[in-house]
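For reference, the structure discussed in these notes is given below.
Read-outs: derived from the displayed coordinates by stated rules, not from any lab. The model shown is predicted, which means the values in this text are computed figures rather than measured ones. Heads up, the Cβs are rebuilt from the backbone with ideal geometry, glycines too, and the neighbour counts pull from every protein chain shown.
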DNA sequence: GCAAAAGTGTTACGAATACACCCATGA
DNA sequence: TCATGGGTGTATTCGTAACACTTTTGC
């Protein structure tokens, strides 16, 4: 430990983004078709390399923006992946981030340029390197996050119906939820505002459009981080 | 993205270990006194640099062993820390790991060699760089982990009493727990075996010594990772 | 016999689940 | 008028939290 820093190995640090979206039906992932070797033509997460003069979070934002054209997106670090052979070309450590985006807002030209495509979670193709593991980890984290914080704000358009919000949660957890219980729980959180308008595209009766009460929503997001000792130790 | 890898920046990847121990009273952290610049003489987490030919987890184990002499210790990655100026000497990305060790088992010679010392959580000194942030993050993670998995096995000696185990949880959560509720919950997990022996050092009546039922303990550790949608969204 | 820590059960409250019918409307 | 999806309430179960006294034994 008395070595000068100069003696130590330097490695490439990559960033990979697991980009989640929701099309009012399925939870989806944005993947790109790799246009360079190795593994050219295979599907991959959007990634890039860390530059010396930028922080990890900044680099992840940059890479996300490169593909989607979107700024100020919800982005959270997952983990570093650093097995020796994970990238066959060179020793790289990859830091994975997951992003929640409104699927309708991304820049379709950029996505085309990268040969990118949205995939439903149950149709994810084989991915390069350890990207499948990263996706699994991201889904787990998203489920965890959604279990103690509201997540709709990032994934839904400004106005949405309760059946749509329920569909989002059902997609995240790949399950079905009782309508009455869902509505009671969501509404009791007191973060939704009924706009009074109705969405009539999907039903004859029409469903009320809601928006998030941004202030209360953020309180919910910022709190809820304290774990107590409870018997859910299991 | 069509660049050859060669064009990209290479950076130092460091590893820092947040080492938790428990002395039957307080939750403690093992820190070293830095014997090189910058910040020589200040307290720091045990750290080191990633070598090209080893994985991240391996590097963290190596660094942990360097300080404690211990192998096969519970070690889990927290996060990568990568703000630009976090190490004033050079651009480094640090991957933080936290470890749970039996405080009585470490190699005291090694610890002396590194000028290391155990600190109670409420007496942690000022740390270099972003190490304080890493410690906070580790404590949060430990609390989270302990909320859905048993953690005593890694932090306690083979035989321990229920009051000691309770003291451990109270230390982790910095709170008090009702004795009757605690015992009921822990015992209902069905992972403890009463050895029949009594510990008489701390009381006249004596408390039963328990051991973990390793098989059932590991089932508990490996499960409990599925998050459901519940109203704890808050 | 008394101080000190170990050990033991019951009640009450709140959250989660299960469950079935009416409503509004366009075709 | 009927098919479709939207909207609503109640009863039960289960987990969590609150709470006080008895037991053992070394001094």
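Miscellaneous remarks
- The modelled label-to-label distance between residue A:53 and residue B:204, using points 7 Å beyond Cα along the C-beta direction, is 7.4 nm.
- Using the Cβ-Cβ distance between residue A:170 and residue A:193 with R0 set to 25 Å, the FRET efficiency from 1/(1 + (r/R0)^6) comes to roughly 0.65.
- Adding -39500 (n - 2.57) for every DSSP H run of four residues or longer, then dividing by how many residues chain B holds, sets the calculated 222 nm ellipticity at -9000 deg cm²/dmol.
- Peptide B:83-94 has a mean of 4 when you count, residue by residue, the C-beta atoms of other protein chains within 10 Å of its C-beta.
- With label points defined 7 Å past Cα in the direction of Cβ, position residue B:222 shows copy-to-copy spacings of 4.2 nm, given to one decimal and shortest first.
- Ascending list, in nanometres, of distances separating the residue B:84 label from those of the other copies (7 Å, Cα toward Cβ): 3.5
- When the square roots of the Cα gyration tensor eigenvalues are ordered a ≥ b ≥ c, the ratio a/c for segment B:81-154 is 1.5 or more and a/b does not exceed b/c, which makes its shape oblate.
- Protection proxy ranking, peptides A:14-23, B:209-218, average beta carbon neighbours within 10 Å, highest first: A:14-23, B:209-218
- Prolate/oblate/rounded call for the protein assembly as shown, Cα gyration tensor, a/c under 1.5 rounded: oblate
- Tensor-based shape of segment B:11-142 (alpha-carbon gyration tensor, a/c under 1.5 rounded, otherwise prolate or oblate): rounded
- Inter-part distance where segment B:176-194 and segment A:119-166 are each reduced to a Cα centre, Å: 36 Å
- Label point distance in nm, residue A:84-residue A:33, each placed 7 Å from Cα along Cα→Cβ: 3.6 nm
- Residues B:120, A:94, arranged from fewest to most other Cβ atoms within 10 angstrom of their Cβ, appear as B:120, A:94.
- Each copy carries a label point for residue A:40 at 7 Å from Cα along the beta-carbon vector; from one copy to the others these points are 5.3 nm apart, nearest first.
- The order of A:128, B:172, going from fewest to most other C-beta atoms within 10 Å of their C-beta, is A:128, B:172.
- Centroid-to-centroid separation of segment B:202-216 and segment B:1-79 [C-alpha atoms, Å]: 34 Å
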